[in-house]
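The values are calculated or read from the model by the stated rules, or taken from the named source; none is laboratory data. As the structure is a computational prediction, the values presented were derived from the model and not from experiment. Here Cβ is always computed from backbone atoms with ideal geometry, including for glycine, and neighbour counts include all displayed protein chains.
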Amino acid sequence: MTSGAGPEFTAWRELPARLGHLYAFADVSRAISALGCRDDSEFAELSDEAGARWWPGSGFGAPGHMRLSFACSMPPGAALNRIARILIARVDAA
């Protein structure tokens, strides 16, 4: 699956489907480097600015990834667009 958000944010890790789970793990390792973040935990702090929360993949055995939940009231496309705008702006400013 790809988000179409931009070159840094389109790689998604394929995980086995689990009944009742609406999660995706995005590979953000290149974005972490581009922004000069220490790790995926520091990178996750950017989600407060986006208003769409994501969690460090390292807590789920996937360092360099972000865990995105689609079990929320915000449509997935809207959340991904918010995230993409913040990250692209940060990369452009770096």
For region 17-34, state whether one or more residues are assigned to a helix (DSSP H, G or I), in contact with a strand residue (DSSP E or B) (Cβ under 8 Å, 6 or more places away or on another chain) and modelled with pLDDT of 90 or more.
yes
Right, residue 73: at pLDDT 80 or above, of a type in the set (Ser, Thr, Tyr) and surrounded by fewer than 16 Cβ atoms within 10 Å (Cβ to Cβ) or not?
no
Being in a strand (DSSP E or B) and not small (Gly, Ala, Ser), is that true of even one residue in region 78-91?
no
Under the condition of being in contact with a helix residue (DSSP H, G or I) (Cβ under 6 Å, 6 or more places away or on another chain) and part of a helix (DSSP H, G or I), which residue from region 37-54 is farthest from residue 27 (Cα to Cα)?
49
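In this structure, is residue 29 of a type in the set (Gly, Ala, Ser), more than 12 Å from the chain's Cα centre (by Cα) and surrounded by 15 or more Cβ atoms within 10 Å (Cβ to Cβ)?
no
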Note on region 58-91: residues of a type outside the set (A, V, I, L, M, F, W, C) and free of Cβ contacts under 8 Å to residues at least 40 places away in the same chain are 58, 59, 61, 63, 64, 73, 75, 76, 77, 82, 85
I need the full set of residues from region 55-77 which are part of a loop (DSSP other than H, G, I, E, B), closer than 19 Å to residue 30 by Cα and in contact with a helix residue (DSSP H, G or I) (Cβ under 7 Å, 6 or more places away or on another chain), in order please.
63, 64
